[in-house]
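Peer 1: Below are the structure tokens for one structure; questions will follow.
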């Protein structure tokens with residue numbers, strides 16, 4: 001397992017679960033998804049259709065992904081397209097940043113790290129008041145932290161520190177402090193410290 005692999009799986013699953021849960025609140029999400037003001041007028045209206053149609057597509061792909069027990073690349077890529085279409089063309093919708101995070105999670109699973117990086121940066125920069133913004137920063141930090149991904153400990157540390165400073169009372173700040181302690185350590189060193197700490 002890669003460094004922080006267990007933490008990644010647990011936290012990634014938590015975010016994905018919460019994002020799925022939030023997208024199934026019919027009253028709030030359908031209200032925002034059908035609001036004509038959420039359309040981006042700078043894009044071609046014939047391609048856009050309307051946000052209601054795009055929202056139906058993301059809900060469909062959500063349900064498809066939740067029924068799969070293993071990675072199906074075709075479904076993953078269809079979901080990425082549906083989620084990014086909704087997030088970009090219905091940018092003012094309250095679910096747009098949620099679908100950017102979902103896109104990043106799926107892209108990471110299929111090892112499309114550049115896509116994951118781009119959508120997380122978009123989420124962080126475009127939605128400063130998003131209630132899961134700290135989670136998006138944490139996921140981006142993990143991409144930099146992982147040697148087989150972006151492999152930049154300096155940037156990972158900067159992002160973890162950003163979470164600690166901007167969201168000091170959040171669970172993400174606590175997770176960031178733990179992650180900073182693991183920076184620069186090999187898997188073997190981490191396992192040794194873990195077993196020593198737990199008296200094994």
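Peer 1: Based on this model, can you work out whether residue 84 counts as out of contact with any strand residue (DSSP E or B) (no Cβ under 8 Å at 6 or more places or on another chain) and touching a residue at least 12 places away in the same chain (Cβ under 8 Å)?
Peer 2: Against the criterion (out of contact with any strand residue (DSSP E or B) (no Cβ under 8 Å at 6 or more places or on another chain) and touching a residue at least 12 places away in the same chain (Cβ under 8 Å)), residue 84 qualifies.
Let's see how each residue does on (1) surrounded by 20 or more Cβ atoms within 10 Å (Cβ to Cβ); (2) over 22 Å from residue 87 (Cβ atoms):
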position	(1), (2)
121	no, no
125	no, no
134	yes, no
141	yes, no
152	no, yes
156	yes, yes
161	no, yes
168	no, yes
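Peer 1: Among the numbered criteria (1) part of a helix (DSSP H, G or I); (2) within 30 Å of residue 53 (Cβ to Cβ), which single criterion is violated by residue 130?
Peer 2: (1)
Peer 1: Which of the residues belonging to the stretch 149-189 are more than 24 Å from residue 113 (Cα to Cα) and at pLDDT below 90?
Peer 2: 188, 189
Peer 1: Would you call residue 169 outside any helix (DSSP H, G or I) and free of Cβ contacts under 8 Å to residues at least 60 places away in the same chain? It would help to see each step written out before you state the result.
Peer 2: Working: outside any helix (DSSP H, G or I): yes; free of Cβ contacts under 8 Å to residues at least 60 places away in the same chain: yes.
Considered against the rule, which asks whether it is outside any helix (DSSP H, G or I) and free of Cβ contacts under 8 Å to residues at least 60 places away in the same chain, residue 169 comes out as yes.
Peer 1: Taking the stated definitions as given, is residue 77 touching a residue at least 24 places away in the same chain (Cβ under 8 Å), part of a helix (DSSP H, G or I) and within 23 Å of residue 61 (Cβ to Cβ)? Lay out the reasoning, then the answer.
Peer 2: On the way: touching a residue at least 24 places away in the same chain (Cβ under 8 Å): yes; part of a helix (DSSP H, G or I): yes; within 23 Å of residue 61 (Cβ to Cβ): yes.
Criteria met by residue 77.
Peer 1: Testing residue 110 on (1) within 19 Å of residue 76 (Cα to Cα); (2) within 12 Å of the chain's Cα centre (by Cα), one condition comes back false. Which one is that?
Peer 2: With respect to (1) within 19 Å of residue 76 (Cα to Cα); (2) within 12 Å of the chain's Cα centre (by Cα), residue 110 is out only on (2).
Peer 1: Take residue 102 and decide whether it is at pLDDT 95 or above and within 22 Å of residue 150 (Cβ to Cβ).
Peer 2: Yes: the conditions hold for residue 102.
The values are calculated or read from the model by the stated rules, or taken from the named source; none is laboratory data. Nothing here was measured: the structure is a model prediction, and the numbers come from that model. Backbone-built Cβ (ideal geometry, glycine too); neighbour counts: all protein chains shown.
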